[in-house]
Ligand SMILES: Cc1cc2nc3c(=O)[nH]c(=O)nc-3n(C[C@H](O)[C@H](O)[C@H](O)COP(=O)(O)OP(=O)(O)OC[C@H]3O[C@@H](n4cnc5c(N)ncnc54)[C@H](O)[C@@H]3O)c2cc1C
């Protein structure tokens, strides 16, 4: 029996969705290892997050108010404190900027094998982790011997756990060496108020739109639906939309309820960022476009005919 320790993530005063996804992944693993699931939330005023994190399947929630903002040392020593305190041998962290910052140091200091960017796993006497390589062109499996390991999980790959649990909530003090680094403040990138990863409905535009001035058409569709506008990489590379609207391997991972791909071919690097969407609608002139392989609804047609018709219908 080995317990699992999963680390939730918060940014700018709010829990991120991956915190609930990691509960699902953590519970799955804890069931396989016949252990408990402990969930940690670290740094800043985090006691207030405990009730939200109390989801079915979580046995214990540890809040550690050490540090003000994300800090490498604070996170590493908080997780080490919890590993020493619990029976946990398996640690799950989000594959985020923060998770990837301290996961390797933790793995090194605790002598744990580390597999990053997991998109799935199975446990049967040992852990087999699924991950993608070469720009999502190849799916690989990694075998990890034993029941002690660290994993970072890709955001959007596991369903979020909903509902209310009955976890024991405990506040823990953990000392950490001062790293000397301080967060001085946050600066929004231009257009940075839009977070496509949190949107419920996305209208996503690709190279099929042709010209920058045609973007108005998809903006109208997004308005008619109350949706957020996102894009494939060429649109961002052309400077037509801000980088924070890019979906994909080098953009953001999104999991909206509805994803409408307009003039997007469905390259692997794009699909890597949106395949977790609940319902995918694709509009494309090419019936052989790979986007149709993953679409729930496909419209083969010219977007300049189809989109105005959709706007009229929705309005
Ligand atoms: C390391 C690396 C990282 C990358 N990261 C990303 C990433 O994060 N996100 C990303 O999106 N890409 C990424 N790419 C680029 C990716 O490989 C593709 O080039 C890109 O996704 C293609 O964008 P697109 O589908 O808009 O354009 P295209 O592939 O050119 O597709 C345009 C589509 O529009 C259709 N079309 C044309 N005219 C019309 C019309 N009038 N009506 C309807 N349909 C029409 C065409 O049939 C075509 O299918 C990355 C590439 C690399 C190498």
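The values are calculated or read from the model by the stated rules, or taken from the named source; none is laboratory data. Owing to the predicted nature of the structure, the values given are computational and were not obtained by experimental measurement. All Cβ positions, glycine included, derive from the backbone under ideal geometry; neighbour counts span all protein chains shown.
For region 59-70, state whether one or more residues are farther than 18 Å from residue 175 by Cβ and surrounded by fewer than 17 Cβ atoms within 10 Å (Cβ to Cβ). Taking every residue of region 59-70 in turn, none turns out to be farther than 18 Å from residue 175 by Cβ and surrounded by fewer than 17 Cβ atoms within 10 Å (Cβ to Cβ).
Residue 298 falls short on exactly one of the conditions (1) surrounded by fewer than 20 Cβ atoms within 10 Å (Cβ to Cβ); (2) in contact with a helix residue (DSSP H, G or I) (Cβ under 6 Å, 6 or more places away or on another chain); (3) within 30 Å of residue 16 (Cβ to Cβ), and that condition is (3). Restricting region 290-308 to residues that are in contact with a strand residue (DSSP E or B) (Cβ under 7 Å, 6 or more places away or on another chain) and assigned to a loop (DSSP other than H, G, I, E, B), which is nearest to the ligand (Cβ to nearest atom)? Looking at residues that are in contact with a strand residue (DSSP E or B) (Cβ under 7 Å, 6 or more places away or on another chain) and assigned to a loop (DSSP other than H, G, I, E, B), I get 301. Can you go through 311, 280 and tell me which one is within 23 Å of residue 17 (Cα to Cα) and either away from the ligand (no atom under 12 Å from the Cβ) or surrounded by fewer than 15 Cβ atoms within 10 Å (Cβ to Cβ) (or both)? So the residue among 311, 280 that is within 23 Å of residue 17 (Cα to Cα) and either away from the ligand (no atom under 12 Å from the Cβ) or surrounded by fewer than 15 Cβ atoms within 10 Å (Cβ to Cβ) (or both) is 280. Summed over region 37-58, the residues that are surrounded by 21 or more Cβ atoms within 10 Å (Cβ to Cβ) and farther than 27 Å from residue 196 by Cα give a count of 3. Scanning region 12-62 for residues that are more than 30 Å from residue 184 (Cα to Cα) and in contact with a helix residue (DSSP H, G or I) (Cβ under 9 Å, 6 or more places away or on another chain) gives 23, 35, 36, 37, 38, 55, 56, 57, 58, 59.
Somewhere in region 136-144, is a residue in the same structural domain as residue 284 (by TED's automatic domain parsing), surrounded by 11 or more Cβ atoms within 10 Å (Cβ to Cβ) and part of a loop (DSSP other than H, G, I, E, B)? No, every residue in region 136-144 fails to be in the same structural domain as residue 284 (by TED's automatic domain parsing), surrounded by 11 or more Cβ atoms within 10 Å (Cβ to Cβ) and part of a loop (DSSP other than H, G, I, E, B). Entry remark, region 125-138: residues being free of Cβ contacts under 8 Å to residues at least 12 places away in the same chain and out of contact with any strand residue (DSSP E or B) (no Cβ under 8 Å at 6 or more places or on another chain) number 2 in total. Scanning region 100-135 for residues that are over 21 Å from the mean Cα position of the chain (by Cα) and assigned to a strand (DSSP E or B) turns up 123, 127.
Identify the residue in region 72-81 that is under 17 Å from residue 49 (Cβ atoms) and out of contact with any strand residue (DSSP E or B) (no Cβ under 6 Å at 6 or more places or on another chain) and, among all such residues, is surrounded by the fewest Cβ atoms within 10 Å (Cβ to Cβ).
In this case the residue turns out to be 74.
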